[in-house]
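Worksheet for the structure shown next.
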Ligand code: CTP
Ligand code: MG
């Protein structure tokens, strides 16, 4: 619809949002799609280019809002969300609509400050007629950006009929929503507008959990500044008498170039980008990055460049998530379990990261008697000519179209897999062995790190190099205890079902357990003892089955 007759409506007016300091909050979701990763990225990036972010006044009337904005162009889609204040994400049908909106938008005149006149796609919507503020009746429905509170999650999963349903519920409740995904792409697109001042042909793509199908509401937003699309790199030298090339600045290495580009763009984000605060340049890291908060969305952003391998591992996880629905259900549940038990943390340190944990789940699923997912080498062997890719001499080839993969014959339930996951890692030979999803079998550890998970592409790297022995021990102990609890739960199924049961029993924070809330108090045997008890239980079970 195009409400051109509202063109002269002066109920609202727009101004470019120069610097709104909204307190931090945040979360979002996305759904699994059968699209190839590159098609998904291309579609979402293009959509984000046609989208704007608008800070709205209180009690905004949705109908008037829609009518007002529609006179700039056709609105394809919009939604409101709340952080501290209401925001609207509005997708127009074309970028020319945004140009029309910008045309009539004013730069604010401030009394004691000066607005930096950078025209972004983040706007403030003002009500001209203050008298109408109180008359607004149908105020908008705002989505929440945060994950469901933990107590509510426990209540929901305890209401499920089976442990399998419980794992699927964790996944459904925690996964990024469609709106959250849109907002993530929009924030990338807004940051791209800054970088494009220097590199007009650049793009900024999300990677990591925002797009790998394992993102939880509230996860950080990893961004990749892609300069490879800049034309001219692959131009063939003409054969005539002359040829022209750009006179470029030369620096010692690609790393130095990345550092200086990120430094300058980080500076611009700091000085000019509305809503971006707390900029930190972490340029000496193995992978240099600029970290900041995007306050209107509440996202913690990590901007990197020259990070193509991470982009490819994101695509690999995206594929694995699509192979079998049990993959996501198990990964989300194990991530949730690890967070509750302090095995992972939002603060960087010697903890196991979500990425490492995901690799451990994938490896476990490859190790089933009848594997649920293929090894990376098998995915490489199924690759077509278009899937071939080498980055910096590393083989990054794998099949990118999931429909080419045969579904697994494995029929194990999630309940079985959860139980076995804990047992598997409760007695994994971490001392001598390394986890390797490329081969799908453990390998001799090439170095002394307590936990060794081989990077699937840069095979000399350990994904979990940061993890110390204490943190690994914590994981092993928690895995053994959880295996033990599940074994017991299995036997007392009907009696425990009234309160928290099954997976919920494993997700009760340890502070509550020590206070005796929720979970039945049980004498907790030491980790080694649990291991032996589990082994004897398994033996007994096997004998019963035979
Ligand atoms: N990555 C990697 N090697 C590492 C750490 C990260 O290749 N040692 C890549 C992975 O592709 C990962 C991405 O960088 O997905 C982002 O890293 P990070 O934010 O730590 O992990 P996420 O998968 O995004 O998980 P989270 O939700 O915890 O942010
Ligand atoms: Mg991340």
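The values are calculated or read from the model by the stated rules, or taken from the named source; none is laboratory data. If you're wondering where the values come from, they're calculated on a predicted model, not measured in any experiment. Methodologically, a virtual Cβ is constructed for each residue, glycine included, from the backbone with ideal geometry; neighbour enumeration extends over all protein chains shown.
Computed values, structure above
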item: Unique match (being in contact (Cβ under 8 Å) with a residue 12 or more places away in the chain and surrounded by fewer than 20 Cβ atoms within 10 Å (Cβ to Cβ)) among 79, 185; result: 79
item: Boolean, residue 195 is touching a residue at least 60 places away in the same chain (Cβ under 8 Å) and away from ligand 2 (no atom under 16 Å from the Cβ); result: yes
item: Single unsatisfied condition, residue 306 versus (1) within 14 Å of the chain's Cα centre (by Cα); (2) at pLDDT below 95; (3) at positive phi; result: (1)
item: Complete set of residues in the stretch 342-391 that are buried (at least 16 other Cβ atoms within 10 Å of the Cβ), free of Cβ contacts under 8 Å to residues at least 40 places away in the same chain and under 21 Å from the mean Cα position of the chain (by Cα); result: 344, 357
item: Looking only at the stretch 196-220, and only at residues there that are part of a helix (DSSP H, G or I) and touching a strand residue (DSSP E or B) at 6+ places or on another chain (Cβ under 6 Å), the one that is surrounded by the fewest Cβ atoms within 10 Å (Cβ to Cβ); result: 208
item: Lone unmet requirement of (1) surrounded by fewer than 18 Cβ atoms within 10 Å (Cβ to Cβ); (2) at pLDDT below 95 for residue 500; result: (1)
item: Matching entry among 476, 544 (being assigned to a helix (DSSP H, G or I), modelled with pLDDT of 65 or more and within 29 Å of residue 413 (Cβ to Cβ)); result: 476
item: Helices (runs of 4 or more DSSP H) enclosed by the stretch 348-440 - at least 2 residues per element that are in contact with a helix residue (DSSP H, G or I) (Cβ under 6 Å, 6 or more places away or on another chain); result: 354-366, 414-426
item: Candidates 221, 186 - the one that is within 16 Å of ligand 2 (Cβ to nearest atom) and not assigned by the TED database to the domain that holds residue 329; result: 221
item: So residue 224, is it in a strand (DSSP E or B) and within 16 Å of ligand 1 (Cβ to nearest atom); result: yes
item: Residue 244 vs. criteria surrounded by 10 or more Cβ atoms within 10 Å (Cβ to Cβ), over 30 Å from residue 123 (Cα atoms) and either assigned by the TED database to the domain that holds residue 52 or away from ligand 2 (no atom under 16 Å from the Cβ) (or both); result: no
item: Test result for residue 262, in a helix (DSSP H, G or I) and farther than 30 Å from residue 417 by Cβ; result: yes
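One line per residue, one yes/no per condition, for (1) modelled with pLDDT under 95; (2) within 30 Å of residue 532 (Cα to Cα):
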site	(1), (2)
383	no, no
389	no, no
396	no, no
423	no, yes
431	no, yes
434	no, yes
446	yes, yes
454	no, yes
